[in-house]
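Below: the structure, in structure tokens.
The values are calculated or read from the model by the stated rules, or taken from the named source; none is laboratory data. For clarity, every value in this text was computed on a predicted model and none was experimentally measured. So basically every Cβ, Gly included, is an ideal-geometry build from the backbone, and we count neighbours across all protein chains shown.
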Amino acid sequence: MSTPTSTPPSTPPSTPRLDVDATLDTASILVCTGSGGVGKTTTAAALALRAAERGRKTVVLTIDPARRLAQSMGLTELDNTPRAVQGVDTSAGGSLDAMMLDMKRTFDDIVVAHAEPGKAEAILTNPFYQALSSSFAGTQEYMAMEKLGQLKSEGTWDLIVVDTPPTRSALDFLDAPDRLTTFLDGRMVRILLAPAKAGGKAYLKVVTAGFSIFTNAITKIVGGETLRDVSQFVAALETMFGGFRERAQGTYDLLKAPGTAFVVVAAPERDALREAAYFVERLAEERMPLAGLVVNRVHRTAAGVLTADRALAAAERLEASGGSATTAGVLRVHAERAALAVREARLQQRFTGAHPAVPVVEVAAQAGDVHDLDGLRSVGADLAGGAEAALPKG
Ligand SMILES: Nc1ncnc2c1ncn2[C@@H]1O[C@H](COP(=O)(O)OP(=O)(O)O)[C@@H](O)[C@H]1O
Ligand SMILES: [Mg+2]
């Protein structure tokens, strides 16, 4: 048996490769999802920039861009309006607009647009509404979809790239329409209104016991004074429920429509890949169209170099014989890196073993944070072909 001299390929040769450019050229909605901190926002921005520079009129809806990335894209205000990104190569006829989602403002806009005349102000200034619109778990997911629906209906862009919120559960995004629909279907209304008629303490008790999602928001604000606000709020909001439910469903349908593609982003780490696997399965259950998996921040070692074991052994020999400490240090660093690459490859193989049909592409860990358009371009190049595309031809 020969000793391997390089990092094993992280995906078996049979694993289909995610053809990012084909997706960018044909999709009309691209949703980047995955667990927090894996590079969703970066991937969404990189995909959008690449699509724009390939000639498509593109808008990217970001949720929580890192400050420097936001600045480099001209995203200095949370104002819910897409603005042109400067410095994009538009020679192919495309363009790039970007916006950051302001969850509360999106909610407010819906109220203003859909509340009965005269009711909007009462809702907006209601303390219960204010707590709900900024703290309801799932509101952000729902608002991202609401905004997606709005952008789609404007008809301005060829491609809308959507980043998803940094929720711990990757499923929240998919759950949002259901949860909101349930909410709007009146369970909350019944819980809130029924005991209100009975009045007094029973009201508080039922609210707190029966409505767990809102427990936090409610306990935060429920006091003798605000109880009246709640029923007032619910009464006002009730007039908009139909519209809410319809659009939640409409956007959900949009996610299943031809032209929509999901990209699941993961880091080559156990937890992130496990969540990615779960998410891939959930998308399949919901019949949501999955383009593929992006494994981001992959550490590679060049082919044909020392394995971790050999580098470590060489470092130890060198140290034992009183050789160069610097060289031994370099060998140790190399050994660590090579071992990391092997670990990452194994984790990824576990994913592809369980999901052999899911197309995969890897993005290398960049030297530093991705905080400007050039950084996004380089991530984009990896997304579109990665190391293979970077290899000299011939
Ligand atoms: N391929 C990469 N190489 C180096 N740094 C990266 C890479 N992808 C993302 N990052 C950095 O990781 C951090 C988190 O990325 P972000 O896209 O905000 O994650 P998420 O949106 O999933 O929470 C950011 O500082 C970003 O610059
Ligand atoms: Mg993010």
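Here R50, R68, R56 are screened, and the one residue that is touching a strand residue (DSSP E or B) at 6+ places or on another chain (Cβ under 6 Å), more than 9 Å from ligand 2 (Cβ to nearest atom) and among the basic types (K, R) is R56.
Matching residues to (1) in contact with a Lys or Arg (Cβ under 9 Å, 6 or more places away or on another chain); (2) not acidic (D, E):
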position	(1), (2)
I29	yes, yes
G55	no, yes
V60	no, yes
A92	yes, yes
D108	no, no
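The set of residues from the stretch 144-166 being within 16 Å of ligand 1 (Cβ to nearest atom) and under 24 Å from D21 (Cβ atoms) comprises V161, V162, D163, T164.
Here's the yes/no breakdown for (1) within 8 Å of ligand 1 (Cβ to nearest atom); (2) surrounded by fewer than 24 Cβ atoms within 10 Å (Cβ to Cβ):
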site	(1), (2)
D21	no, yes
D25	no, yes
I29	no, yes
T33	no, no
T42	yes, no
L47	no, no
A51	no, no
V60	no, no
R67	no, yes
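Listed by first and then second residue, the pairs with beta-carbon distance under 8 Å, at least 6 apart or on different chains, first residue in the stretch 100-115 and more than 21 Å from V161 (Cα to Cα), second at pLDDT 80 or above and of a type in the set (D, E), form an empty list. Every listed requirement among (1) within 14 Å of ligand 1 (Cβ to nearest atom); (2) at pLDDT 90 or above; (3) of a type outside the set (K, R) is met by E281 save one, (1).
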